[in-house]
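Asks: Supplied in structure tokens, the structure appears directly below.
The values are calculated or read from the model by the stated rules, or taken from the named source; none is laboratory data. None of the values given here were measured: they were computed from a predicted structure. Heads up, the Cβs are rebuilt from the backbone with ideal geometry, glycines too, and the neighbour counts pull from every protein chain shown.
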Amino acid sequence: MNNKIDMIHLPDLSFIQFCHDQFGINRGVYNTIDAWFFHEGIRNILERREQIYHFLTEWVQEDATQSNGKIKIGHGNLSKKLKEYFESAFSTDSCSSDDDFILTLSKSLYQRCLIN
């Protein structure tokens, strides 16, 4: 499946299997990543899946030590990568204009307000 739009609409088990096949992560790692994004305020499952896919894709691209494009997770590395990703995804550096920054900030704040 090449179309990211179709991929995020897969049933849960199929999406987890896709992530396993594409990135080499098991269900436990997937569940940890999914829960982390959920607790960071991304409640919508489709948005969360987009973020998970983007996070995993960035991780594979950043770490050239991967073999066959699969992610190798060491002790504490997953939490570190998740924090780095979230900080970069919602930082002012990731926005090309003031409008992008406001939209990104508004979305983040809105999602956090939904928690409370």
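Asks: On the basis of being among the small types (Gly, Ala, Ser), over 12 Å from the mean Cα position of the chain (by Cα) and at pLDDT below 80, does residue 89 make the cut? Please lay out each step first, then the result.
Replies: Details: among the small types (Gly, Ala, Ser): yes; over 12 Å from the mean Cα position of the chain (by Cα): no; at pLDDT below 80: yes.
No, not satisfied.
Asks: Name the pairs: first residue in the stretch 4-24 and closer than 18 Å to residue 58 by Cβ, second residue modelled with pLDDT of 90 or more and not in a helix (DSSP H, G or I), Cβ to Cβ under 6 Å, at least 6 apart or on different chains?
Replies: Listed pairs, sorted by first residue: 19/25.
Asks: Identify the residue in the stretch 42-64 that is free of Cβ contacts under 8 Å to residues at least 24 places away in the same chain and not in a helix (DSSP H, G or I) and, among all such residues, is surrounded by the fewest Cβ atoms within 10 Å (Cβ to Cβ).
Replies: 64
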